[in-house]
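Only one structure is covered here, and it is reproduced in the block below.
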Amino acid sequence: MHVRRKLVAGNWKMNGSIAALQELSAIAAAARAASGVDVAICPPFTLIAPAAARSGGMAIGAQDCHWAASGAHTGNVSAAMLKEAGARLAIVGHSERRADEGEGDDLIRRKAEAVLATGLQAIVCVGETDEQRRSGRAIEVVTAQLAGSLPDPRGEAELVVAYEPVWAIGTGNVATPADIAEMHAAIRAHLLGRFGDAGGRIRILYGGSVKADNARELFAVADVDGALVGGASLTAAQFVPIVEAATGA
Ligand code: PGA
């Protein structure tokens with residue numbers, strides 16, 4: 001039985017500004033005070049360097065990354081560039097990128113490999129749509145995404161999986177603890193089957209409408225090793241209680 005430290009990561013999506021870094025400073029202060037929990041904020045690319053300068057040691061991450069180290073890829077950013085800007089992790093395969101940018105499992109795996117090869121943590125996102133859950137295929141869909149988009153980790157602690165049901169993101173509809181427990185157990189079984197004992201050290205986050213008032217209940221679910229938080233990560237007032245709920249959970 002592995003003891004996994006909880007990770008609460010905020011995904012600012014296409015929100016934020018230099019002025020909004022006041023919120024980040026307040027979050028960083030709370031993160032320093034919170035013991036036993038890892039905290040990260042993933043702002044847009046343009047804010048990574050100024051956020052890292054103010055984070056006081058709290059991890060700053062990116063929301064995406066290109067698979068190549070450099071080259072003719074207009075508009076893209078490499079893992080090495082993210083690292084130089086001060087990022088310690090990168091999210092890849094978020095459902096908004098899978099949907100908006102047509103990203104598939106193979107591309108996401110290559111991105112995750114680039115992130116890990118650069119020495120950053122990779123948070124690889126998976127999750128089913130409403131229609132897929134209604135048709136009873138949620139576990140099948142997520143398992144296929146894991147098989148296709150997870151790289152072989154170089155050090156297991158560097159790889160994190162985020163289960164984010166698409167229908168729960170930004171909707172206020174949270175998956176039930178029973179459904180989360182079932183899915184996280186399936187993900188854990190996949191990780192153990194693929195990586196052996198090392199699969200027990202990979203953290204599995206839940207994401208999708210995590211808020212201060214549901215965080216404690218979610219963190220109590222078996223195999224929920226933290227959260228990936230969108231809307232509620234934009235302000236310290238909403239995010240800090242989620243971090244506190246993870247402390248000692
Ligand atoms: P949400 O977003 O917390 O606003 O639902 C979660 C995510 O997309 O990571």
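In the Gaussian network model of the chain, springs joining C-alpha atoms below 10 Å, which of Pro50, Pro151, Pro165 carries the largest mean-square fluctuation?
Its mean-square fluctuation being the largest, the pick is Pro50.
Distance between the C-alpha centers of the stretch 82-105 and the stretch 110-137? Whole Å please.
Result: 9 Å between the Cα centres.
Going by the alpha-carbon gyration tensor, a ≥ b ≥ c the square roots of its eigenvalues, is the stretch 1-84 rounded (a/c under 1.5) or, if a/c is not under 1.5, prolate (a/b greater than b/c) versus oblate?
The shape class here is oblate.
Determine, from the Cβ-Cβ distance of Ala181 and Asn76 and an R0 of 35 Å, the FRET efficiency 1/(1 + (r/R0)^6), rounded to the nearest 0.05.
In this case the efficiency is close to 0.40.
Tell me what the chain gives for mean residue ellipticity at 222 nm when only DSSP H runs of n ≥ 4 count, each as -39,500 (n - 2.57), the sum divided by the residue total, rounded to 500 deg cm²/dmol.
Theoretical 222 nm ellipticity from helices: -12500 deg cm²/dmol.
Scale the Cα Rg of the chain by the rule-of-thumb value 2.2 N^0.38 Å and send over the ratio, two decimals.
Compared with the compact-globule rule of thumb, the chain sits at 0.92.
If you restrict to DSSP beta bridges whose two residues both lie in the chain, what percentage is antiparallel, to the nearest 5?
Close to 0 percent.
Mind checking which aspartates and glutamates have their C-alpha under 19 Å from Lys111, skipping anything on the same chain fewer than 8 residues away?
Asp64, Glu84, Glu96, Asp100, Glu101, Glu103, Asp152, Glu156, Glu158, Glu164
Tally up the carbon and sulfur contribution to the accessible surface of the chain as a whole percent, 1.4 Å probe, everything protein left in place.
Of the solvent-accessible surface of the chain, carbon and sulfur hold 52 percent.
Starting from the Cα of Lys6, draw a straight line to each of the lysines and keep only those under 17 Å, dropping any in the same chain fewer than 8 residues away.
Candidates past the 8-residue exclusion: Lys211.
So for the stretch 20-131, what are the equivalent ellipsoid semi-axes in whole Å, largest first, each being the square root of 5 times an eigenvalue of the Cα gyration tensor?
Semi-axis lengths for the stretch 20-131 are 25, 17, 13 Å.
Rounded to the nearest 20 Debye, what is the dipole magnitude of the chain about its Cα centre when Lys and Arg each give +1 and Asp and Glu each give -1 at the C-beta?
540 debye
Efficiency by 1/(1 + (r/R0)^6): what FRET value for Thr46 and Asn173, r their Cβ-Cβ distance, R0 = 30 Å, to the nearest 0.05?
0.45
For the chain, what does the relative contact order come out to in percent, with C-alpha contacts under 8 Å and a separation of six or more?
About 22 percent, as a whole number.
Scattering from the C-alpha atoms of the stretch 60-205 alone, worked out with Debye: what is log10 I(q)/I(0) at q = 0.17 1/Å?
The computed values of log10 I(q)/I(0) come out as -0.93.
With a 1.4 Å probe and all protein chains left in place, how much accessible area per residue does the stretch 60-205 have, in Å²?
That works out to 42 Å² per residue.
Calculate the FRET efficiency for Gln22 and Asp197 from the Cβ-Cβ distance with a Förster distance of 41 Å, rounded to the nearest 0.05.
0.40
The values are calculated or read from the model by the stated rules, or taken from the named source; none is laboratory data. None of these values were measured; they are calculated from a predicted model. In this analysis, Cβ positions are derived from the backbone assuming ideal geometry, glycine residues included, and neighbour counts consider all displayed protein chains. Heads up: the accessible areas ignore ligands, DNA and RNA and are worked out on the full protein's heavy atoms, side chains in. Shrake-Rupley method; radii C 1.70, N 1.55, O 1.52, S 1.80 Å.
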